[in-house]
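The values are calculated or read from the model by the stated rules, or taken from the named source; none is laboratory data. The model shown is predicted, which means the values in this text are computed figures rather than measured ones. For neighbour counting, all protein chains shown are included, and Cβ atoms are generated from backbone atoms with ideal geometry for every residue, glycine included. Please note that ligands, DNA and RNA were not included when accessible areas were found on the heavy atoms of the full protein model with its side chains. Shrake-Rupley method; radii C 1.70, N 1.55, O 1.52, S 1.80 Å.
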Amino acid sequence: MTVDNHAGFSMLSQDSHAHWMEQAFREAEKAYVKKEIPVGAIVVLNNQIIGRGYNQREALKDPTAHAEILAITAAANHLSDWRLKDATLYVTLEPCPMCAGAILNARIPKLVFGADDHDHGACGGATQLCSGKFLNHKVEIIGGILESKCKSILDSFFQENRS
């Protein structure tokens, strides 16, 4: 497991991560418009998006309708396989414990996120669930991609909707 905030990556890799994070951010914007907490996620395999999701807990009345869960489900349906062993998940906010569990169970080898979540994040923020000596699967984690942009939409949402 690696938590890496830009260090050690080539410019091409950084540009690629930023490109895909922009796609995840577009999903977050959909949530924002629908007054959902603006988190977006995509699953990328072979340089192609195979799953998309944005938070829809309010609309679906479903506590599990997080962006990551919806994107992982869409990707699994696309592949007709629950194992996403060669895919990368891009998400605008560090995943919570439930989503970290789904990442592990889907065998996703790489997670790239935008904003840290020091209160609820389970991939290095509040806790670390994506690595450990007793797990049969490890996740490479790269945080801080388009971090200020991803934090900004969350800050705007909470100022407008929960002040």
Subject >> Residues within segment 76-91 that are in contact with a Phe, Trp or Tyr (Cβ under 9 Å, 6 or more places away or on another chain) and part of a helix (DSSP H, G or I), tallied >> reply: 1
Original post:
In this structure, is GLU36 in a helix (DSSP H, G or I) and more than 11 Å from the chain's Cα centre (by Cα)?
Top reply: no
Original post:
Checking LEU60 against (1) of a type in the set (A, V, I, L, M); (2) open to solvent by less than 30 Å² (accessible area, probe 1.4 Å); (3) without any contact (Cβ under 8 Å) to a residue 24 or more places away in the chain, which single condition isn't satisfied?
Top reply: (2)
Original post:
So ILE141 clears everything in (1) of a type in the set (A, V, I, L, M, F, W, C); (2) open to solvent by 20 Å² or more (accessible area, probe 1.4 Å); (3) within 12 Å of the chain's Cα centre (by Cα) except one condition, right? Which one?
Top reply: (2)
Original post:
Do any residues in segment 107-120 that are under 19 Å from HIS19 (Cβ atoms) have Cβ atoms under 6 Å from those of residues that are assigned to a strand (DSSP E or B) and among the polar types (S, T, N, Q), where the two are at least six apart or on different chains, and which pairs are they?
Top reply: LYS110/THR88; GLY114/THR92
Subject >> Pick from segment 137-163, criterion of a type in the set (D, E, K, R) and closer than 15 Å to GLY101 by Cα, ranking: modelled with the lowest pLDDT >> reply: LYS138
Subject >> The one condition in (1) open to solvent by less than 30 Å² (accessible area, probe 1.4 Å); (2) assigned to a helix (DSSP H, G or I); (3) hydroxyl-bearing (Ser, Thr, Tyr) that THR73 fails to fulfil >> reply: (1)
**OP:** Run down SER16, SER80, SER10 and say which single residue is open to solvent by 30 Å² or more (accessible area, probe 1.4 Å), among the small types (Gly, Ala, Ser) and modelled with pLDDT of 95 or more.
**Re:** SER80
**OP:** Could you give me the residue pairs with C-beta distances under 9 Å whose first residue belongs to segment 151-163 and is over 12 Å from ALA28 (Cβ atoms), whose second residue is at pLDDT 95 or above and not aromatic (Phe, Trp, Tyr) wherever it lies, and which are 6+ apart or on separate chains?
**Re:** PHE158/ILE37; GLU160/LYS35; ASN161/LYS35; ASN161/ILE37
Original post:
So, in segment 109-146, of the ones that are assigned to a loop (DSSP other than H, G, I, E, B) and of a type in the set (Lys, Arg), which residue ends up farthest from LEU93 (Cα to Cα)?
Top reply: LYS133
Original post:
Give me the pairs: first residue in segment 32-46 and of a type outside the set (Val, Ile, Thr), second residue part of a strand (DSSP E or B) and modelled with pLDDT of 95 or more, beta-carbon distance under 6 Å, and six or more apart or on different chains, which are they?
Top reply: GLY40/TYR54; GLY40/THR92; ALA41/GLY53; ALA41/VAL91
**OP:** Look through PHE134, PHE113 and report the one residue that is out of contact with any His (no Cβ under 7 Å at 6 or more places or on another chain) and at pLDDT 95 or above.
**Re:** PHE113
